[in-house]
Amino acid sequence: MLNVLFIFKKVKLLFIEIRIRSKESNQINNPLKPKIMNYQTKEELKSTIVDAINDGRIEGKPVSELHHEVFNTDYFIIGRYQAEQWLIKNGGIFNAIETIKDYEQDNFGEVNTDLSEAEKVCNMYVYILGEEIINELQVIRDNWDNDFTPELIEELREELEN
């Protein structure tokens, strides 16, 4: 058990040292944080949006509510182990925590997510990544003030699948 704690402290110190060096050299990006979302993660989250379309969850709803409907009305992952594994495969736990802290500080002025719970970290991280994906969609930007019609849903589906 002592070895695990020792290794964890070493990793934490390394992470802090990298952050300090990044700030000292005026680098904006953290070297541990990927500059872009990986392809696998992006495709999985796009698939989550398509699932919401297929389930009929968005028809007739405001386009501006897509993010809320898909990424905030249900849990993406349930279970600590599953959440930890998903985070490890999709950017890393520390990256997710850093992303959440930055997002919540920028948007709310404080961090509200319980960062000690993998399930909460994972679901908030997915919420943030989902927002990034939705904000990139041209169909969403062009129709922000409209409601979803069958035609608009089909346009969205085509954009997500291409």
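Here, each number is a calculation from the coordinates, and none is a lab measurement. This is a predicted model, so every value here is computed, not measured. Cβ coordinates were reconstructed from backbone atoms using ideal geometry, including for glycine residues, and neighbour counts include every protein chain displayed.
Compared with the alpha-carbon gap, the fully stretched path from Glu84 to Arg157 is longer by 23.3 nm at 0.36 nm per residue. For Asp147, the residues whose modelled amide H falls within less than 5 Å of its own, excluding neighbours fewer than 5 places apart on the same chain, are Val63. Near Glu131: Cβ cut-off under 14 Å, other residues only, Lys/Arg at +1 and Asp/Glu at -1. The net charge is -4.
Determine the sum of side-chain charges near Arg57: Lys and Arg each +1, Asp and Glu each -1, restricted to other residues whose C-beta is under 9 angstrom from that of Arg57.
On the way: positive: Lys61; negative: Asp51, Asp55, Glu59, Glu69.
Result for the local shell: -3.
If R0 is 30 Å, what FRET efficiency do you get for Ser64 and Gln40 from their C-beta distance, rounded to 0.05? The partial results should precede the final answer.
Working: r = 28 Å, r/R0 = 0.93.
That pair, Ser64 with Gln40, gives E of 0.60.
Give me the dipole magnitude in Debye, nearest 20, for region 54-95 about the Cα centre, with unit charges on the beta carbon: positive for Lys and Arg, negative for Asp and Glu.
Numbers: 4 positive and 6 negative charges, 40 e Å.
Once rounded to the nearest 20, the dipole reads 200 debye.
The loop-placed chymotrypsin sites (Phe, Trp or Tyr not before Pro) in region 60-148, going by DSSP, that have at most 15 neighbouring Cβ atoms within 10 Å of their Cβ come out as Tyr75, Trp144. At Asp114 and Tyr75, where each label point lies 7 Å from the Cα along Cα→Cβ, what is the point-to-point distance in nanometres? About 1.1 nm separates the two model spin labels. Using the Cβ-Cβ distance between Ser47 and Asn95 with R0 set to 30 Å, the FRET efficiency from 1/(1 + (r/R0)^6) comes to roughly 0.90.
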